[in-house]
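To keep things clear, I will list the structure first and then write my remarks on it.
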Amino acid sequence: MQLIFEKSRPGRGSGILPESDIPQALDLNEFGKTSSAFGEIPVELRRKTKLNLPEVAETDLLRHYTQLAKRTYGINDGFYPLGSCTMKYNPRIDEEIAGLSGFSKIHPLQPKHTVEGCLEVLSLAEKYLCEITGMDHMTFQPSAGAHGEFTGLLLIKAYHQKRKDDKRRKIIIPDSAHGTNPASAAMAGFEVVNLSSTKEGLVDIEKLKEIAGEDTAGLMLTNPNTLGLFDRNIAQITKIVHDAGGLTYYDGANLNAIMGIIRPGDMGFDVVHLNLHKTFSTPHGGGGPGSGPVGCKDFLAGFLPEAPEGIGKVKAFYGNFLVVVRALAYILTLGREGIPEAAQSAVLSANYLKKKLSDMYEATSAEPAMHEFVLSLADLKKQCGVSALDMAKAILDNGFYPPTMYFPMIIPEALMIEPTETESRETLDHVADVFKTLYHQALENPESLRHSPAKTPVGRLDEVGAARNPKLIYRPQSDGENRPGIEEEAVTSR
């Protein structure tokens, strides 16, 4: 498939876009001019060359993006079992509500009396999410999960600073946590203390007792953890940290496994972040949009970004408002009965598929799974040389998306599978049959898996080369007709 630059021809274009209705900052047709409706443009900010934009006819443009769309794979195309990050159910009604002009065409600097309905959305969302999590207050400023982690840790930091308890510099993080947890703690200025798991994949209580002390600022717990396990000792965990003088932080990215059934606030947690874009309806492929609201108990309310003496804004205005609109629509649609039913369905799907695969594949824990589970292909790789990567590539040839690979990193040759709450039993049976067929194929013809995929638009790429030598810039070359050429630095397939 050609790049849009390769389809470009001088002078071609379309009339689908209206003329600009705002003053131009710079007259691009007369590049020497620097006058602007907004004042003089500083020399260092002036463009040295014209923008090299493609010139394409309307029909060619529409066909180009249609071709691109047909090459992508999303939740509307089929099974999409990425563990820990799967886009959940995204009802179109939520998209339509978020698209209403009263929500989508407001400006954050409008007077409050002109956006009372939007403020009511934020108020209701806070009320219901606090009810679901067991928290007392919530801020919607954080724009994603990791941003929420960072914000929650700043609350913990501000709490200890207000008490002049400056020795509390350490955040305890189990090795089964989401990978952003230690990064967020480090960004907040804490020292990260790694807590290894038991052989069952749970928090090692005895080690936690040894680590927790007068220098402990808090503990970050992903629950259910990245192995898909709910820690049965969770009340004991929070008590140990509180007895040591620390605070407890709940990574709620996996809330879809427990929502409406049990609440982090009732387990003894002081702070929680949510991923509205994962659990409450907003599709977040391609890097956005996201929302990572942070809830807290009453004693931390004075440190919230909106509080007069709080930690200060972490994002402009109210955060990603339309994600909150979608989440509220989803919550109101499901209601008190539907929210726990969604969680129960997610857990049932995961355990059903885990059971179907357990006679061939090695599950990493005998504990009941929550919303996701992890398989290890370490023994299969030793036996026939087929890795988790090979298996994932082969799955692509069977009509659905592969699971998350090599995460969590504490499991060798890991495949993390999250079936979600919306897949039918027939779909899960089909997925299990594909996994079993590929298992036999790995034993009988491992070479075929090592050369997968064979049916996709692109074959197996040089992923090491792509990671170490990425070429992210298209650099056009002139061939005398001012038509762009291709810089031959791309990583090739096969």
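Tell me, in nm to one decimal, what length is gained between Ile410 and Thr59 on full extension, where the rule is 0.36 nm per residue of separation less the Cα-Cα distance?
Length gained, Ile410 through Thr59: 121.3 nm.
What Kirkwood hydrodynamic radius do you get for the stretch 64-132 when you take the inverse of the mean 1/r over all pairs of distinct Cα atoms, in Å?
15.7 Å
Could you state, as a whole-number percent, how many of the C-alpha pairs of the stretch 295-411 are farther apart than 19 Å?
68 percent
What FRET efficiency comes out for Asn194 versus Lys162 if R0 is 35 angstrom and r is the Cβ-Cβ distance? Round to the nearest 0.05.
Result of the calculation: an efficiency of 0.80.
Beyond 26 Å, what percent of the Cα pairs of the stretch 92-333 remain?
For the stretch 92-333, the fraction of Cα-Cα distances above 26 Å is 36 percent.
Go through 4-16, 128-140 and give me the packing order, highest mean Cβ count within 10 Å leading.
128-140, 4-16
Using 7 Å Cα-to-Cβ label points, what is the Ile41/Thr114 separation (nm, one decimal)?
For the pair Ile41/Thr114, the computed spacing is 3.0 nm.
Counting Lys +1, Arg +1, Asp -1, Glu -1, what net charge surrounds Glu413 among other residues with beta carbon under 15 Å of its beta carbon?
Result for the local shell: +1.
Under 14 Å from a label point 7 Å along Cα→Cβ of Asp359: give me every residue in the stretch 397-432 with its amide N that close.
In the stretch 397-432, the label zone of Asp359 (backbone N under 14 Å from the point 7 Å along Cα→Cβ) covers 432.
How large is the helix-only mean residue ellipticity at 222 nm for the chain, computed as the sum of -39500 (n - 2.57) over DSSP H runs with n ≥ 4, divided by its residue count, in deg cm²/dmol to the nearest 500?
Taken over the chain, the calculation gives -11000 deg cm²/dmol.
Subtracting the Cα-Cα distance from 0.36 nm times the residue separation, let me have the gained length for Lys239 to Ser123 in nm, one decimal.
Gain on extension, Lys239 to Ser123, equals 38.6 nm.
For Cα pairs less than 8 Å apart in space and 6+ apart in sequence, what is the mean separation divided by the residue count of the chain, i.e. the relative contact order in percent?
17 percent
I need the Kirkwood Rh of the chain: take the reciprocal of the average 1/r across all distinct C-alpha pairs and report it in angstrom.
25.6 Å
Pulled fully out, how much extra length does the chain show between Glu96 and Ser14, if you take 0.36 nm times their separation in residues and subtract their Cα-Cα distance?
Between Glu96 and Ser14, full extension yields an extra 26.6 nm.
Please find the FRET efficiency linking Val458 to Thr49, where r is the Cβ-Cβ separation and R0 is fixed at 51 Å, and quote it to the nearest 0.05.
After rounding to 0.05, the efficiency reads 0.95.
Mind listing the long-range amide H neighbours of Gly268? Cut-off is under 5 Å, sequence gap 5 or more, other chains count too, H placed in the peptide plane at 1.01 Å from N.
Close amide H contacts, sequence-distant or interchain: none at all.
List the relative contact order of the stretch 92-333 as a percent without decimals, with contacts defined as Cα pairs under 8 Å and 6+ residues apart.
29 percent
Do the alpha carbons of any pairs in Lys162/Lys278; Lys70/Lys455; Lys199/Lys355; Lys382/Lys436; Lys127/Lys313 sit beyond 26 Å of each other, and which pairs?
Lys162/Lys278
Read the figures in this text as sums done on the coordinates, not as results from a lab. Since the structure is predicted, the reported quantities are computational estimates derived from the model, not experimental observations. When we count neighbours, we look across all protein chains shown, and the Cβ atoms used for this are built from the backbone with ideal geometry, even at glycine.
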